[in-house]
Each structure stands twice: as C-alpha cells, then as structure tokens.
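Below is one structure, written out as structure tokens; the observations come after it.
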Amino acid sequence: GPQAAYLLLQMLFQQKEYSKLLLMREKLSDLLVSDPLLSYYTGKSLYQTNNPDQAIFFLMQFLEHPNIDVAYEKSAAITLISCAKITKNWSLLEEKLEYLVQFFSQDTQTLDLILMYTQLCKQENKKKKMAQYLKQALEIAPSHPQKETLIYEQALCSIHEQKLEEGI
C-alpha cells in the first residue's frame, strides 16, 4: 500500500505528469507516509502547473528536513526563487539567493540568478539592492566576462544613491 503509492507518485514525477501526480497524491493521501521527497514532488508539480503560491509551502517544507540530497536541495531553492519572482515575494527571493550563495556559490546558476535579480532590482528601481547584489556577483566571479558592465552598473547605483565618491 504505502510503498506502492509512493512509487506511483515517484513514477508520475519522473514522467513529468504533474497534474496526475497532484490528483493521485490527494486520492492516496491515506496511504502516504511522511517523506521529504513527497513534499519536493508536490512543490515542483505545483510550480509546473502554475501554482507558485502553493508550491512555496511544499518546497519550504522539503528544505526544512535534515539530510536531503544536495541536487534536490539546490533544485528546490532555485524553484523557490522562480516562485518568489512570480509572486513578487522579494524577501523569499533574497533569502533563497543568500542560501544559494552560502551553499552553492561556485555554481554558475547561482551567479545567473544573482544577475537576474539585479535586473529585477533595476526594473523596480531598487538601486541600493541592485548595487549590493552586483557587488556580490563580482565577489563570486571576479573575472566575469562582463565585469566592466557590472562595475559600471554598480557605479550608477552608487551615484543614484548620492554616494558620489563610491560611484567614481
């Protein structure tokens, strides 16, 4: 019973049958035992079916478990950043960015997500945050191919914040 239910959900997830997974999870809820991966599968499935608000709950629940697989941990954090971007939950986005920087700083996806957030900050006119994350990006990748552009953007943010000497 419980093992078969778990394996069915795992198989549906692997086959990218996200809607079916969510439906079967509900139908089989009496058989399912607590397993962190079920929270992960549910959260990712909710994200894939355009339910980022609900996905956040399950992915956060997944990340609270100790001893989870690093690949799933990173994937959950990245998906949470996407959910936060969609829902405009800037504090969650920043929290998970910091999480990635702390545990996956040398990963190119981490740098890409930081740069994506700096562009969001630019669009939202959050120059101080933009400068902060540009600085972080340059610390992570001091020889970034667009280093000069990042420094220039950081200088513009400083000037906008009336920090002229820093900008210069």
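A few points about this structure:
- Subset of segment 91-114 (residues that are farther than 24 Å from H144 by Cα and either touching a strand residue (DSSP E or B) at 6+ places or on another chain (Cβ under 6 Å) or open to solvent by less than 50 Å² (accessible area, probe 1.4 Å) (or both)): L92
- Contacts under 8 angstrom Cβ, first residue in segment 86-108 being farther than 14 Å from E73 by Cβ, partner of a type in the set (F, W, Y), 6 or more apart: L93/Y117; E94/Y117; L97/Y117; L97/Y133
- When segment 72-90 is filtered for residues that are closer than 26 Å to H144 by Cβ and open to solvent by 70 Å² or more (accessible area, probe 1.4 Å), only K85 remains.
- Hits in segment 50-64 - residues which are open to solvent by 70 Å² or more (accessible area, probe 1.4 Å) and either within 16 Å of F103 (Cα to Cα) or touching a residue at least 40 places away in the same chain (Cβ under 8 Å) (or both): E64
- Elements of type helices (runs of 4 or more DSSP H) contained in segment 117-168, each with 1 or more residues being open to solvent by less than 40 Å² (accessible area, probe 1.4 Å) and among the acidic types (D, E): 147-160
- Of the criteria (1) in contact (Cβ under 8 Å) with a residue 12 or more places away in the chain; (2) under 29 Å from S105 (Cβ atoms); (3) open to solvent by 40 Å² or more (accessible area, probe 1.4 Å), which one N67 fails: (1)
- Residues of segment 7-44 satisfying the condition of being among the polar types (S, T, N, Q) and surrounded by 16 or more Cβ atoms within 10 Å (Cβ to Cβ): S39, T42
The values are calculated or read from the model by the stated rules, or taken from the named source; none is laboratory data. Predicted, not measured: the structure shown is a model, and the values here were computed from it. When we count neighbours, we look across all protein chains shown, and the Cβ atoms used for this are built from the backbone with ideal geometry, even at glycine. The protein model used for the area step is the full one, side chains on, heavy atoms only, and it has no ligands, DNA or RNA in it. Shrake-Rupley method; radii C 1.70, N 1.55, O 1.52, S 1.80 Å.
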